[in-house]
Amino acid sequence: MLEMALKFGGSIVAILVLAAICRWLELGGDVRIRSENEARLLADEAVSGFDAVDVALDRAGIAALLRDAAGRVLLLRRHGAHFASRLLDSHAHSRLDRNFLTIGTDEPTFGTVTLDLGDQAQIWAASLRRVGS
């Protein structure tokens, strides 16, 4: 009985030590896009020289749509503790549902993301029809 209690106690201590190390290394956390400027910086990191002239942020901060002066549209989405991005080449994988715009790509590993854009959802959905044409 004492042996089981020691094993259990040792396991709890090991878990607490690992949690403390993760906190000290600042691993994980709640990663969100907090502002248009942050979205612009993320877009420039993803596609060098991408200078966004129009930005739409998801209300939860987990994704963003950005358009540059050339009409290219970049989709940013949270992927773990980082952000993944793709330049959209068509509107074939987009669907509007009131204030929500669901967007995917031809790349199955990227998946789809649903953005809560509020009143901007319809405007962005309409503008996506011009992508790739």
Selected residue (only one of Val47, Val31, Val53, Val73 is in contact with a Leu (Cβ under 9 Å, 6 or more places away or on another chain), farther than 15 Å from Leu128 by Cβ, in contact (Cβ under 8 Å) with a residue 40 or more places away in the chain and of a type in the set (Val, Ile, Thr)): Val47
Odd one out for Glu26, checked against (1) modelled with pLDDT under 90; (2) charged (D, E, K, R); (3) open to solvent by less than 90 Å² (accessible area, probe 1.4 Å): (3)
Criterion: in contact with a Lys or Arg (Cβ under 9 Å, 6 or more places away or on another chain), under 22 Å from Ala126 (Cβ atoms) and surrounded by fewer than 15 Cβ atoms within 10 Å (Cβ to Cβ) - qualifying residue of Val53, Val31, Val73: Val53
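The values are calculated or read from the model by the stated rules, or taken from the named source; none is laboratory data. Everything numeric here is computed off the predicted structure, so don't read it as measured data. No Cβ is skipped: glycine too gets one built from the backbone with ideal geometry, and neighbour counts run over all protein chains shown. The area values use the complete protein model at the heavy-atom level, side chains included, leaving out ligands, DNA and RNA. Shrake-Rupley method; radii C 1.70, N 1.55, O 1.52, S 1.80 Å.
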